[in-house]
Each structure stands twice: as structure tokens, then as C-alpha cells.
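Notes for the one structure printed next.
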Amino acid sequence: MKVTIKQWHQVSTWHWKLPADDDLCGICRVSFDGTCPSCKYPGDDCPLVIGDCNHNFHMHCVLKWLETETSKGTCPMCRQVFRMKGGDVLSADNTNQSEINNVSQGSDAVMDALD
Amino acid sequence: MSIANKRLLKEWKTVQNEAYPGIEFFPTDSMLEWNVDLVIDNPLYPDVYRLGFKMGKGYPLESPSVQFVAGDERPIPMHPHVYSNGHICLDLLGDNWTPVHSVASVSVSIQSMLCQNKVAERPPDDAQYSKNAPRDPKKSLFEYHDDSV
């Protein structure tokens, strides 16, 4: 039997590939593959950050925490100073350009598109 | 729905599916206030004790306001960190709050604080504090001393 493919649909799924296998953001308790409470679309629009301490959060969640006075710049999980893996200290002072660069580098490293 | 509401709804689902021995959770409809009843495995505490949680819009980035609430057969437990007005001196509720804590984790901490206690006493400054304390314990500046009790 000879089959001629006339049309096909490609379906793909994705998920964030993280060094630790926890699946919920400790701050908002939403899955990493979902969004922080302020976002609508998961993925690059609502990226994740990985700390030097290997704790992960939605970037928007941890930024909001680091802006608070009680945070003193520390990781909510382990209370060490929160630094992005391979990056600068993530603080309210460098939220703009440098962080966007860091995040895009980070997301290249952690995005793992499965087909 | 606010971030605090969403997060508290998730917490409510979690506590319904997990076992918390000696702890019962009673959220109000708004989810922003919960009562939590504690049973303590310690002969010093034969009663049931009730915690009142109030979460603001900034929860969980901001700590909840938590205190013991007296009621029918719900006394305020005698403990060196618990004032007679129900306020609790616990670093977790102030300086050491982080948003990974939850109503359940705070309840477990307070339950174990009572469970380990050996002295049924009020804090040394109880009379003075309870007379002048603000209604919201979050407005008090506690000094966290003596972690041994």
C-alpha cells in the first residue's frame, strides 16, 4: 500500500528543564510551566530564574520579593543572598538591561523544547 | 482575584489533601482570614487553642498577622513567647518571614513551639506589653530573645 501524505499537523510540547526537580514556584505555588499570578502566557513571557543556591522561581515572583524590605536580598528558600546562576545579584537596581540579558542567556540554557 | 486570594486558594486545596496531625484549618469565604485550631501533644496544653490569621493584599510577599484568639474553650496558651492578649513573639512572623511559608507551615511551627515547651509562663514583660500593645501584632516591634524556649 502506498500512502501519500497530503497534509499533517505537527504538535509539540515544552517544559522548563530545571536542575532540581521541584515543579512549583515556592512563592506563588503555581507550576513553573504555568505563569506567575500577574502573567497570562507561560514561556519566555514569564521566565524562570535559577539561583546560585539552586532554588528556582518565576522571575516576576522573586523580583517582587527582592523589592520588599524584609527580603534583604535573600533567597526565600535558604536565606542566602539571591544571585542568579552565572549572573549578577538580582536586585531592584539592575532590573533593566543587564537583567534582561541575563534572563535571555538563562532561558537559552534552560529551555528544552521537546518535539 | 488578587494574588493573595489565588495563593490562599491553593493553600486551602493543599491542606485538604495532606495530613496535619492536630491541626484544623477554617478559612473564611474571602480566604484572607483563617482560623486554625491546634491540639498539642504536651501535658501543659490540654485544651484546643485557636490561631487567627489575617492576610493582607501583599501576602505572601508580606507576612500574615497571626495571634492566638480566645473563645469558648479556647484559652490563650501559657508560653514564654505568647502574651496574654494572644500576640506571639516569633521571628518567622516578622523579620524572618519569607514567601515560601504558608498558613500551614506557620501553624506547624507554632504547634511545635508549644509542643517543646516546658514552662507554663508568660513573657517577662507581659503586663506592660498587653496593656499598651497595638491591636495588630504586626505593628509591634518584638525583640527575638532566648531561642531556647
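The values are calculated or read from the model by the stated rules, or taken from the named source; none is laboratory data. Keep in mind it's a predicted model, so treat the numbers as computed, not measured. Reconstructed Cβ throughout: ideal geometry from the backbone, glycine too, with neighbour counts over all protein chains shown.
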State yes or no: is B:S105 more than 14 Å from every other protein chain (Cβ to nearest Cβ) and in a helix (DSSP H, G or I)? no
Looking at the range B:11-34, which of its residues are in contact with a Pro (Cβ under 8 Å, 6 or more places away or on another chain) and away from chain A (no Cβ under 14 Å)? B:E33, B:W34
Kindly indicate whether any position in the range A:62-74 is within 11 Å of another protein chain (Cβ to nearest Cβ), modelled with pLDDT of 95 or more and in contact with a Cys (Cβ under 6 Å, 6 or more places away or on another chain). no
Residue in the range A:1-49 that is nearest to the chain's Cα centre (by Cα), counting only those that are at pLDDT 90 or above and assigned to a strand (DSSP E or B): A:L48
Somewhere in the range B:73-91, is a residue within 14 Å of chain A (Cβ to nearest Cβ), outside any loop (DSSP other than H, G, I, E, B) and modelled with pLDDT under 95? yes
When the range A:21-54 is checked residue by residue, the ones that are of a type in the set (G, A, S) and either within 14 Å of chain B (Cβ to nearest Cβ) or buried (at least 18 other Cβ atoms within 10 Å of the Cβ) (or both) are A:G26, A:S31, A:G34, A:S38, A:G51
Boolean, A:H15 is touching a residue at least 60 places away in the same chain (Cβ under 8 Å), surrounded by fewer than 21 Cβ atoms within 10 Å (Cβ to Cβ), away from every other protein chain (no Cβ under 14 Å) and over 17 Å from B:E62 (Cα atoms): yes
Taking into account only those residues within the range B:83-97 that are within 10 Å of the chain's Cα centre (by Cα) and within 19 Å of B:P124 (Cβ to Cβ), which is surrounded by the most Cβ atoms within 10 Å (Cβ to Cβ)? B:H87
Counting only residues that are under 16 Å from B:I40 (Cα atoms) and either in contact (Cβ under 8 Å) with a residue 24 or more places away in the chain or part of a loop (DSSP other than H, G, I, E, B) (or both), how many does the range B:108-132 have? 11
